[in-house]
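The values are calculated or read from the model by the stated rules, or taken from the named source; none is laboratory data. Just so it is clear, the model here is predicted, and its values are computed rather than measured. All Cβ positions, even for glycine, are placed from backbone atoms using ideal geometry, and neighbour counts span all protein chains on display.
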C-alpha cells in the first residue's frame with residue numbers, strides 16, 4: 001500500500017495513491033451550474049420533455065430559447081435553460097427528481113432560507129413539488145475546481161470553502177425557516193435520523209442489497225457520537241463538485257437536498273471524503289482555517305464517524321438509483337462511483353475499528369482478457385473490475401478479523 005497521509009491522526013480515505021487532478025468523479029450530486037450566458041447548445045435546440053418546457057414557459061412568462069441536458073447524479077436529472085430573447089437571454093438551471101425522490105422540494109426550501117444570508121446560493125425561480133421540478137437562476141462561475149492546477153488559484157478557493165463552511169455553521173438554526181427540518185433533540189439524533197433514512201433506503205433494495213451495508217449500518221448505529229457543541233445547518237455533501245467558483249472565489253454552493261440540522265463535523269467529514277478524489281490541499285491546514293474563522297473545535301473522532309456514515313449513505317442511495325435507472329442515467333458511471341465509495345467506506349471502517357488497512361491487490365491483472373473489451377469501454381470496464389476485486393479483498397480482510405467472521409458476497 002502507498003504511503004498514508006496523516007492529518008492530526010487523520011488517515012486518508014483511500015490508499016496513499018491520489019487520483020490525478022482534473023479527473024471528475026460523478027456523484028449523486030455531481031451536477032453544477034455552468035457560467036451565466038453560455039450558449040447551451042448549437043442552434044439553440046430544445047432538448048426537454050414537452051411538459052417541462054411548457055412549465056418553464058408558464059413560470060417565467062418568457063419564450064424558451066434553448067434547453068440541453070446537463071450531467072447529474074443518481075437522484076435527479078438536469079438541464080441548462082435559456083429563456084427570454086436572443087438579444088437578452090436569461091440563463092437558468094432546471095432539476096427534476098427521478099422516481100419522485102422529493103429532493104428538489106427539499107433543495108428549494110433550504111435555498112430560500114439561505115437566500116438572505118452570507119452563504120451564496122442560487123435563487124429559486126419556481127418549484128413544482130408534484131412533478132419534482134426546480135428552476136433556479138444560473139450563477140456566475142464554473143464547477144471546474146478539479147481542473148485548477150495552479151496552487152496560487154487552488155489555495156484561495158479552498159480557503160474560501162472553509163470560510164463559507166464556517167459561516168454556514170454559525171447561522172442560528174432558529175432563524176432559518178425550513179419546514180421539513182427540525183432540530184435534533186439530542187447529540188445522538190444528529191446521526192440517527194440519517195441512519196434511519198439509510199436503513200429505509202437499504203430495505204428498498206431487498207435481496208439485491210450488498211451485505212456490507214447491513215454490517216456497516218450495524219456498526220454505525222452502535223457508535224453514534226454522544227456530544228456536539230452546537231447544532232448547525234449542515235450541507236452533508238460539502239466540497240468540490242458542489243460549489244461554483246470564479247477566479248479565486250466561490251460564487252455559489254449547490255445541491256442542498258440532503259441538508260439538515262446536525263453536527264458541523266459532518267460537513268468536515270464530507271470535505272475529507274471529496275478530498276480523496278479532488279484534493280483541497282492539506283486537510284490539517286483546512287481544518288485549522290475552519291477553526292480560526294470561528295468554526296467549532298475540530299473533533300477527529302466525530303469526523304471519522306461521519307466519514308463512514310456519509311460514504312455508506314451515499315453508496316446506498318446510489319444503489320437505490322441503480323435499481324431503478326432512468327433513460328438519462330449513466331449506469332456505468334454510477335456503478336463505478338458506487339464501487340469507489342464502498343471501497344473507501346471499507347477502509348474507513350478499518351480505521352474506526354482499529355484494524356490495519358490491508359494492502360490493495362495488484363491492479364495489473366484485472367482477471368479478464370483486455371482483448372475482450374474495446375474503445376472507451378475498456379478503460380471504464382477494467383477499472384470497475386479492478387475496483388470490485390479490490391473492494392472484495394478489503395472487505396474479506398475486514399470480516400476475517402472480527403470476532404464472528406462473515407463471508408463477503
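Quick check, is residue 285 without any contact (Cβ under 8 Å) to a residue 24 or more places away in the chain and within 13 Å of the chain's Cα centre (by Cα)? So residue 285 fails the test.
Scanning region 220-241 for residues that are touching a strand residue (DSSP E or B) at 6+ places or on another chain (Cβ under 9 Å) and more than 22 Å from residue 288 (Cβ to Cβ), we see that the one that is surrounded by the most Cβ atoms within 10 Å (Cβ to Cβ) is 233. Just to be sure, is residue 126 modelled with pLDDT under 95 and touching a strand residue (DSSP E or B) at 6+ places or on another chain (Cβ under 7 Å)? Here the answer is no, as residue 126 does not meet what is asked.
Listed by position, the helices (runs of 4 or more DSSP H) contained in region 263-361 that have at least 1 residues being more than 28 Å from residue 162 (Cβ to Cβ), assigned by TED's automatic domain parsing to the domain that holds residue 183 and touching a helix residue (DSSP H, G or I) at 6+ places or on another chain (Cβ under 9 Å) are 300-323, 331-353. Of all residues in region 207-229, at least one satisfies being touching a residue at least 12 places away in the same chain (Cβ under 8 Å), assigned by TED's automatic domain parsing to the domain that holds residue 303 and over 21 Å from residue 305 (Cα atoms). Taken as a whole, the condition of being crowded, with 24+ Cβ neighbours inside 10 Å, touching a residue at least 24 places away in the same chain (Cβ under 8 Å), within 18 Å of the chain's Cα centre (by Cα) and not in a helix (DSSP H, G or I) applies to residue 244.
For region 165-176, the criterion of being closer than 16 Å to residue 275 by Cβ and buried (at least 16 other Cβ atoms within 10 Å of the Cβ) is met by at least one residue. Filtered by the rule that a residue be part of a helix (DSSP H, G or I) and surrounded by fewer than 22 Cβ atoms within 10 Å (Cβ to Cβ), region 115-150 gives 146, 147.
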